[in-house]
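What follows is a short report on a single structure.
Each reported figure results from applying straightforward, stated rules to the coordinates on display, with no laboratory input. Quantities reported herein were computed from a predicted structural model and do not represent experimental measurements. A quick note on method: Cβ atoms are made from the backbone with ideal geometry, for glycine too, and the neighbour counts reach across all protein chains shown.
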Amino acid sequence: MIKLTDVSKQFKDKRQLVKAIDYVSLDVKEGHVVGLIGENGAGKTTLLRMLCTLIRPDEGEITVNGKDIFEQQESYRSSLGVLFGAETGLYNRLTARENLEYFASLYNMSNHDTKNRIDMLAKRFGMRKYLDRRVEGFSKGMKQKVAISRTLIHNPSIVLFDEPTTGLDITSSNVFREFIFQLKEEGKTIIFSTHMMDEVEQLCDDLIMMHKGQVVYEGELETLFANENSRDLNYLFTSKIVRGDLYV
C-alpha cells in the first residue's frame with residue numbers, strides 16, 4: 001500500500017511561496033487503478049513527482065508497505081515505472097530495440113532477461129515489424145508503444161502516469177487504455193492523472209480529486225457515483241469544489 005501522511009510542498013513563485021500540496025493524506029491500495037483528476041495547478045504533477053522521488057515533500061511522509069520511499073530510494077525506484085505526459089523519453093537515433101536495451105541496462109537486467117522481456121513486450125504491443133527501426137521515423141502511436149514498453153521493461157509493481165494521452169490521437173489513446181487493462185490483470189498498482197473523464201470511468205477502481213493542493217475526494221469510484229446519485233464526473237468534480245467538500 002502507498003500511504004501519504006500530512007504531505008505538503010511549496011514552491012517560490014515571483015517572490016511568493018505557493019503551496020502546491022497542502023497537507024494531503026491518502027491511501028492507495030495495492031493492485032488498484034487510481035485516477036487523479038483536477039484543474040491545471042491543482043497539484044497533480046507535484047504529487048506524482050513526489051511519488052517517484054524526483055522531489056521531496058517539505059513536510060509529511062510517503063511510505064510503501066510501511067517504509068519511507070526516500071529512505072529506501074534505490075530499491076523503491078527499481079519497483080517503479082514512470083511515464084510523464086506525451087513525452088516518450090526515447091532516443092530518436094536508436095532503434096526501438098536499442099532504446100529498450102539501454103533502459104534495461106539502467107536496471108542492471110541481464111542480457112537474457114532483457115531479450116526475453118523485449119520479445120514479450122514486442123509481441124504484446126505489436127512492435128515486431130519495427131523493433132529494429134530507428135525511432136525518429138515513428139508515428140506518435142508507434143512511439144507511445146515503445147515508451148510504454150520502456151516503462152514496463154523491468155516489470156515494475158507500481159506504475160505512474162502524468163496525463164499520458166495528452167496530444168495523442170484516438171488510436172494512440174486506445175493503446176494506452178488497453179495497456180492499463182493488461183496491467184490491471186497483472187495486479188499492478190497504477191496511478192494516472194488525466195483530464196479525460198471517460199478514461200477514469202472506464203479504467204479506474206478508485207479516484208483522487210484535487211483542488212488547490214487539497215484532496216476533494218478520495219475513495220472508490222462506484223461509491224462516489226452511488227453517494228451522489230450521478231455518474232457525471234465533470235458535474236461531481238465541480239459540485240464538490242463549490243460545496244467545499246474535503247476528504248469525503
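Over the chain, with a Gaussian network built from C-alpha contacts below 10 Å, which listed residue (Leu221, Leu36, Leu17) shows the highest mean-square fluctuation?
In this elastic network of the chain, the residue with the biggest mean-square fluctuation among Leu221, Leu36, Leu17 is Leu17.
In what order do Lys143, Lys129 fall by count of nearby beta-carbon atoms within 10 Å, going from fewest to most?
Lys129, Lys143
Quick one: 3J(HN,Hα) in Hz for the range 113-122, Karplus 6.51/-1.76/1.60 with θ = phi - 60°, rounded, Gly and Pro as x.
5, 5, 4, 5, 5, 5, 4, 5, 5, 4
Restrict the search to the range 1-74; then list the chymotrypsin sites (Phe, Trp or Tyr not before Pro) that DSSP places in a loop and that have at most 15 other Cβ atoms within 10 Å of their Cβ.
When the chymotrypsin sites (Phe, Trp or Tyr not before Pro) of the range 1-74 are filtered for loop state and at most 15 Cβ neighbours within 10 Å, Phe70 remain.
So for the chain, averaging the separation of alpha carbon pairs under 8 Å that are six or more residues apart and normalising by length, what relative contact order in percent results?
Relative CO of the chain lands at 26 percent.
Along the range 147-162, what does the Karplus equation 6.51 cos²θ - 1.76 cosθ + 1.60 (θ = phi - 60°) give for ³J(HN,Hα), rounded to whole Hz, x for Gly and Pro?
Those phi angles translate into 5, 4, 5, 4, 5, 9, 3, 9, 6, x, 8, 10, 10, 10, 10, 10 Hz.
What are the residues whose amide H is under 5 Å from the amide H of His32, where those residues sit 5 or more places off or on another chain and H is modelled from the backbone?
Ile190
As a footprinting exposure proxy, order Leu160, Leu90 by other Cβ within 10 Å, with the fewest listed first.
Neighbour counts put them in this order, fewest first: Leu90, Leu160.
Per 0.36 nm of contour for each residue apart, how much would the distance between Asn65 and Thr5 grow if the chain were fully extended, relative to their Cα-Cα spacing?
Value of the extension gain: 20.3 nm.
5 Å is the cut-off here: which amide hydrogens, built 1.01 Å from N in the peptide plane, fall below it relative to Gly81, excluding neighbours closer than 5 in sequence?
Ile158, Val159, Leu160
Give, rounded to the nearest 20 debye, the magnitude of the charge dipole that the chain has about its Cα centre when Lys and Arg contribute +1 at Cβ and Asp and Glu contribute -1 at Cβ.
1080 debye
May I ask you to give the average projected area over all directions of the convex hull of the Cα atoms of the range 1-103, in nm² rounded to one decimal?
For the range 1-103, averaging the hull's shadow over all directions gives 8.7 nm².
Could you work out [θ]222 nm for the chain from helices alone, using -39500 (n - 2.57) per DSSP H run of at least four and dividing by all its residues? Round to the nearest 500 deg cm²/dmol.
Dividing the helical sum by the residues of the chain leaves -11500 deg cm²/dmol.
Which whole-Hz couplings ³J(HN,Hα) result when phi for each residue of the range 2-13 is put into the Karplus expression 6.51 cos²θ - 1.76 cosθ + 1.60, θ = phi - 60°, listed in order with x for Gly and Pro?
8, 10, 10, 10, 6, 7, 9, 8, 10, 10, 8, 9
Once amide H atoms are placed 1.01 Å from N in the peptide plane, what residues at a sequence separation of 5 or more from Ser193, or on another chain, have their amide H within under 5 Å of its amide H?
Amide H neighbours of Ser193: Leu36, Phe161, Asp162, Glu163.
Mind sorting Cys204, Cys52 by how few other Cβ atoms lie within 10 Å of their own Cβ, fewest first?
Cys52, Cys204
By what distance, in whole Å, do the Cα atoms of the chain stretch along each of the three principal axes, largest value first?
So the extents along the principal axes, rounded to whole Å, are 54, 39, 38.
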